[in-house]
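Colleague: Submitted below is the structure of interest, expressed as structure tokens.
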Amino acid sequence: MPKLESLSDEELLLLVSENQDGAFHLLYERYKAALLVYAVKRVGEDAGEDLVQDVFIRTWNNRYSIDYQDDFKAYLFTALRRRIIDYFAKENNAQGYLEDLRTYASEFAFDEADEQIRTQSFRDSIFKVLHRYGPQYQAILKLRLQGYSNPEIATLLGLSEKTVRNQYSSTLKIIRSNFSSFLLFLFF
């Protein structure tokens, strides 16, 4: 059998469909840099890396059902372009949501002491839920709430910045799944 490096994309994709992750890794290495350049120019380094990783993860997870139409490179760039569009749509919605929140908060201001009690109670509830997921999730959230950035948290906890970013994202998903959007809207 020839070396994987000498195989075409089509031949590697056949091996991928047979669950040969070495072939997929080679495709990843073959196209990662070009996809990163494309993504970073449009959304910045952190988001670009995440979106490229997401495209490859989705490609691997759907390796049996994806139709590459004889051009894997075109498939990857199309998938990445769609993820970038989704990213911008989500960012625009988030900005609109924050503006609505500011308007709502200015119209319905709470007594400061009452607000502090509600906020602390809500944070306690969040940390009680996070207790099930381990102390690292709690530590990352506490530091974020204190205003630390991902690089600072990574240094303080002895983790990589990517681990902090991924675990913070997971923490937000856990919180969203356990608390209504309205409560999050009021307290964060």
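Colleague: Going through region 1-93, which GluC sites (Glu not before Pro) have at most 10 other Cβ atoms within 10 Å and a DSSP loop state?
Modeller: Working: sites: E5, E10, E11, E18, E29, E45, E49, E91; in loops: E18.
Answer by residue number: E18.
Colleague: Same structure again: Which percent of the accessible heavy-atom area of region 1-61 goes to carbon and sulfur, probe 1.4 angstrom?
Modeller: Whole-percent figure for carbon plus sulfur exposure: 53.
Colleague: Shifting gears a bit: With labels modelled as points extended 7 Å from the Cα through the Cβ direction, what inter-label distance (nm, one decimal) is found for S8 paired with S149?
Modeller: According to this spin-label approximation, the distance is 4.7 nm.
Colleague: Still on this model: Over all alpha-carbon pairs in region 12-72, figure out the percentage whose distance exceeds 17 Å.
Modeller: For region 12-72, the fraction of Cα-Cα distances above 17 Å is 41 percent.
Colleague: I need the calculated FRET efficiency for the pair S17 and K90, taking r as the beta carbon distance and R₀ as 25 Å, to the nearest 0.05.
Modeller: According to the calculation, E is roughly 0.20.
The values are calculated or read from the model by the stated rules, or taken from the named source; none is laboratory data. On a predicted model such as this, the values are computed, not experimentally measured, just so you know. Please note: Cβ atoms are built from the backbone with ideal geometry, for glycine as well, and neighbour counts cover all protein chains shown. Accessible surface areas use protein heavy atoms only, side chains included; no ligands, DNA or RNA. Shrake-Rupley method; radii C 1.70, N 1.55, O 1.52, S 1.80 Å.
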